[in-house]
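The values are calculated or read from the model by the stated rules, or taken from the named source; none is laboratory data. In this text, all values refer to a predicted model and were calculated from it rather than measured experimentally. Here Cβ is always computed from backbone atoms with ideal geometry, including for glycine, and neighbour counts include all displayed protein chains.
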Amino acid sequence: MNIAIASYGQETSSFSPVPTTLDTFKLYGLFAGDEILQKCRDIGSIGGFLQTMDAQLDWTPVPIIHGWAGASGALTKETLAYFAEALEKGLRDAGPLDAMYFALHGAAVADGVHDTEAYLLRIVRGLIGNDIPLVISLDHHANLTDAIVDHADALVAHRTQPHDQFETGELAAQLLLGIVRDKTRPTTAWRKIPLITHQEQFLTAHGPMKQWFDLARDIESRPGVLSASTLPMQPWLDVPQGGWAAAVVTDNDPELADKLVQELGDEAWALRESFCRLDSITPEAAIQRAVDADKGLVILSDTGDSIWGGATGDSNVLLAEMIRQQVPHRALITLVDPEAVEAAMAAGVGGTLTTMVGGKLDPNFGTPTQVTAKVAAIGGGRVDVSLLGFESYDLGSAALLEIGEIRLVVSENRGIGGNHPSVYEHFGLDVADARMLVVKTASNWQFYQPWIDQVIRVDTPGATTSHLEDLPWQHLPRPIYPLDSDATM
Ligand SMILES: [Zn+2]
């Protein structure tokens, strides 16, 4: 049995000025053909899919294209065209197929194309025809649309945040095995929910998101249900069909699917006020609380500058506040700033420099701040570490700067912000020595779990601000809760 495999993932922040290009995809992983099988066997949704299929079916994978680009501004036209051509060529050359799996993020915009997943799925369907089963998986922060649902035979989204990519690939494989081996006949019902909320209640381990996702798991346990997906769309996507959604796939029971998806939608709507609760505090209060902490590691979540939400990773708001309060304990922070790296290289290791850092990449939200620092080390390049579906990231040139107790990593590329200890270990720093550490994410500090004593969400400006009402929305359907008080289900 020949089954085509492809993946295409990017999360677009409509408010980020940084375009996503093929180079962005190359930073995280852009593979074609057999390279996909070699590089992805143990990671991401493709890994979960491959391993599950290998264990359960005598099959031949037909790898087409794999691209993952993290989160940033919209794709350029050429970048989307590259994926369209790769799919066209790959599927034309593939020979007869029995099925296809397409792993998608589901919230990627390109210059002039609001729904790039639907655009690519249309191409795929045009080539493989309507009779070949096509199963897709999505990030649960996807923006589900008519066109995405229409082109797929069945879909499944991540079940947890932090993201469970590998498990999602396993679930997609089970859906596909159901069709090709067990003769299930998936039917999908879905509904849009007029909600767009900030990310502060997005973790699925507690609070309203847990309650909503738990209901989906309960629904999945009922007879005849193949999958139930809850999709709280990432909150910086300004597109005409934007907003949360739910989808239920049953085995040839459209009425049941419809009834259950109504239940999921109603639950989200009933919880809408708790999804909007803000936990973040001011930078001044946050740094003060971290200074006062007497043990363990304090994670400071720079909510406005979440690189996995599409922000630039060069906000200096927390750095400036640390300097202002002259933090007396070891503090770790990163900034994307190619000019500062260059200045550090010019000063040389052991040298001192006074320069403007950060606040340069996103003129809507930042201004540079002046620091005087000692250059402790020069480094950078590609760092091998397996996380979130890729097996390395690229810092570009980078330098470690010392400002009192602050250890600032400035890098040419955004890499992964400071969201994984490897960024600091690369420079010989031990996270165990730090009292506070800034992550450029609002959810994914799990890599610091062994050291964490407390997590503080900080209300910082940036493209991933929690204050959605302040963003210049143009395309989002209105009314939508909580931006409009007259929104209704
Ligand atoms: Zn996501």
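A few comments on the model shown:
Every residue, every condition in (1) more than 15 Å from Ser315 (Cα to Cα); (2) crowded, with 19+ Cβ neighbours inside 10 Å, yes or no:
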{"residue": "Val327", "(1), (2)": "yes, yes"}
{"residue": "Leu332", "(1), (2)": "no, yes"}
{"residue": "Glu339", "(1), (2)": "no, no"}
{"residue": "Met345", "(1), (2)": "yes, no"}
{"residue": "Thr352", "(1), (2)": "yes, no"}
{"residue": "Gly358", "(1), (2)": "no, yes"}
{"residue": "Leu361", "(1), (2)": "no, yes"}
{"residue": "Phe365", "(1), (2)": "no, yes"}
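- Candidates are the residues of region 107-152 that are under 20 Å from Leu177 (Cβ atoms) and within 16 Å of the ligand (Cβ to nearest atom); the one that is surrounded by the most Cβ atoms within 10 Å (Cβ to Cβ) is Ser137.
- Hey, Ala69 within 16 Å of the ligand (Cβ to nearest atom), of a type in the set (A, V, I, L, M, F, W, C), in contact with a helix residue (DSSP H, G or I) (Cβ under 9 Å, 6 or more places away or on another chain) and at pLDDT below 95 or not: yes
- Every residue from region 435-489 that is free of Cβ contacts under 8 Å to residues at least 60 places away in the same chain and closer than 22 Å to Leu408 by Cα: Gln449, Pro450
- Hits in region 275-308 - residues which are under 24 Å from the mean Cα position of the chain (by Cα) and among the basic types (Lys, Arg): Arg277
- Residue among Asp146, Asp131, Asp98, Asp153 that alone is free of Cβ contacts under 8 Å to residues at least 12 places away in the same chain and more than 22 Å from Thr24 (Cβ to Cβ): Asp131
- Annotation: of all residues in region 153-174 being in contact with a Phe, Trp or Tyr (Cβ under 8 Å, 6 or more places away or on another chain) and not small (Gly, Ala, Ser), the one that is farthest from the ligand (Cβ to nearest atom) is Glu170.
- With respect to the stated conditions, Thr334 fails to be of a type outside the set (A, V, I, L, M) and without any contact (Cβ under 8 Å) to a residue 40 or more places away in the chain.
- Matching residues in region 92-106 - criterion: being within 16 Å of the ligand (Cβ to nearest atom) and under 15 Å from Ile3 (Cβ atoms): Ala103
- Among (1) in contact (Cβ under 8 Å) with a residue 60 or more places away in the chain; (2) touching a strand residue (DSSP E or B) at 6+ places or on another chain (Cβ under 9 Å); (3) not acidic (Asp, Glu); (4) not in a strand (DSSP E or B) - the single one Trp190 does not satisfy: (4)
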